[in-house]
Amino acid sequence: MNLTKAEIIDLLSNKEPHKLYLKADEVRKQNLGDEVHLRALVEFSNICRNNCMYCGLRKDNKHITRYRLTKEEIIETAKNAVDLGFKTIVLQSGEDMYFDEKVMCEIISAIKKYDVALTLSIGERTYKEYKAFKDAGADRYLMRIETTNKDLYHKLDPNMSWDNRHKCLLQIKELGYELGSGIMVGLPNQTIESIADDLLYLRDIEVDMAGIGPFIPHPQTPLSNQSGGTLDLSLRTMAVMRLLLEDINIPATTAMEVLHPNGQILALQSGANVIMPNLTSATCRRLYELYPNKEKSVQPLEVVAQKLHSINRTISKGYGSHKKNKL
Ligand code: 5AD
Ligand code: SF4
């Protein structure tokens, strides 16, 4: 659906979003049906070279215990997820350079021996690395732009470059990956207008997947005293994304579930069609604290299945690619 920036701003600021949620739900149903795609999330290292102000894994946070799974442990966790029936594995980590081109390619080709789609979410790398990962079998790549307000982006991490991140996203797309990106809602000084720009950006770079979640302040970061995002504005943002890109994959994000005990179900009823259950071991998962209480939102798979059933949604048996004939 075509929306102008003014119309998007209007939808985002509407005090009565119920109609918007219904519309996004209808568009989701028309384009994608009632199937929900599950992705197995494996958080394999919480070591990060970056220092994003909002994130609990930032390198200056000395309060957390750092961990790094071995290659064998990562492959084993992925195998476990495949045995449970997952058709997509998402390998996520901080920007941990131990996992160089060679190590990553070994992991990728080992996992791709299984009948499964593979998503990487390991941050900014070189074109050469992105190409090598793709050649080794990676199908999708996930990296949020976080915000399209460059000033805000650079305030949130003075050592990072928005232009470089943008360049990386374009390279990933060009290499033929399915591209996932997204933003946080409720960043300090982020305006509704800026969120509208973010949505138009995600539309323009033609993301195949868009992850939208509230910013949740982490006590061991410089932004600990900020108020953070609300579920409501995050849902509205996600619903408008669904209207703009009618058939892409949109996850009901974990951060939404952290803000509200029924956050993910509400998201699935407002445009989302994907859930990313966390398959990381409980010990490591607790240490992958991007934001507080992330761990508390983890639910047994049976509970997820029951909840989906209760809103008449089914679990997809397919890979859940955006480009349907690709895999
Ligand atoms: N609150 C919400 N989301 C966060 N992320 C990182 N820190 C936070 C936080 N405090 C998100 C970023 C990143 C993704 C892996 O997690 O959007 O891209
Ligand atoms: Fe590292 Fe990602 Fe956290 Fe930034 S958001 S500190 S890149 S893990």
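The values are calculated or read from the model by the stated rules, or taken from the named source; none is laboratory data. Computed from a prediction, not measured in an experiment: that's the story for all the values here. Cβ: placed from backbone, ideal geometry, glycine included. Neighbour counts: every protein chain shown. Surface areas here come from the heavy atoms of the whole protein model, side chains and all, with no ligands, DNA or RNA. Shrake-Rupley method; radii C 1.70, N 1.55, O 1.52, S 1.80 Å.
Observations on the model:
- Long-range neighbours under 6 Å by Cβ, at least six apart or interchain, first residue at positive phi within region 271-295, second of a type outside the set (S, T, N, Q) and near ligand 1 (Cβ under 10 Å from one of its atoms): N293/V258
- Residue in region 139-147 that is free of Cβ contacts under 8 Å to residues at least 40 places away in the same chain and in a helix (DSSP H, G or I) present: no
Residue by residue, here is whether (1) open to solvent by less than 30 Å² (accessible area, probe 1.4 Å); (2) within 12 Å of ligand 1 (Cβ to nearest atom); (3) part of a loop (DSSP other than H, G, I, E, B) holds:
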position	(1), (2), (3)
Y130	yes, no, no
K155	no, no, no
L187	yes, yes, yes
L202	yes, no, no
G213	yes, yes, no
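- I8 being assigned to a loop (DSSP other than H, G, I, E, B), hydrophobic (A, V, I, L, M, F, W, C) and either touching a residue at least 40 places away in the same chain (Cβ under 8 Å) or away from ligand 2 (no atom under 16 Å from the Cβ) (or both): no
- Looking across region 25-62, the residues that are in a helix (DSSP H, G or I) and either within 16 Å of ligand 1 (Cβ to nearest atom) or open to solvent by 20 Å² or more (accessible area, probe 1.4 Å) (or both) come down to D25, E26, K29, Q30, N31, L32.
- Annotation note: of K134, K113, the sole residue that is part of a helix (DSSP H, G or I), more than 12 Å from ligand 2 (Cβ to nearest atom), out of contact with any helix residue (DSSP H, G or I) (no Cβ under 7 Å at 6 or more places or on another chain) and farther than 30 Å from N225 by Cα is K134.
- Scan of region 76-96 for residues that are closer than 19 Å to Y291 by Cα and among the hydroxyl-bearing types (S, T, Y), ordered by number: S93
- Given (1) closer than 18 Å to K112 by Cα; (2) away from ligand 1 (no atom under 13 Å from the Cβ); (3) among the acidic types (D, E); (4) in contact (Cβ under 8 Å) with a residue 12 or more places away in the chain, number of the condition E72 does not satisfy: (4)
- Condition met for T254 (of a type in the set (V, I, T), surrounded by 16 or more Cβ atoms within 10 Å (Cβ to Cβ) and in contact with a Ser or Thr (Cβ under 9 Å, 6 or more places away or on another chain)): yes
- Condition met for A305 (out of contact with any Gly (no Cβ under 9 Å at 6 or more places or on another chain), part of a helix (DSSP H, G or I) and open to solvent by less than 50 Å² (accessible area, probe 1.4 Å)): yes
- Among residues of region 243-267, those that are within 15 Å of the chain's Cα centre (by Cα) and hydrophobic (A, V, I, L, M, F, W, C), counted: 7
- Residue, nearest to G320 (Cα to Cα), within region 64-89, restricted to residues that are within 14 Å of ligand 2 (Cβ to nearest atom) and either buried (at least 18 other Cβ atoms within 10 Å of the Cβ) or not basic (K, R) (or both): Y67
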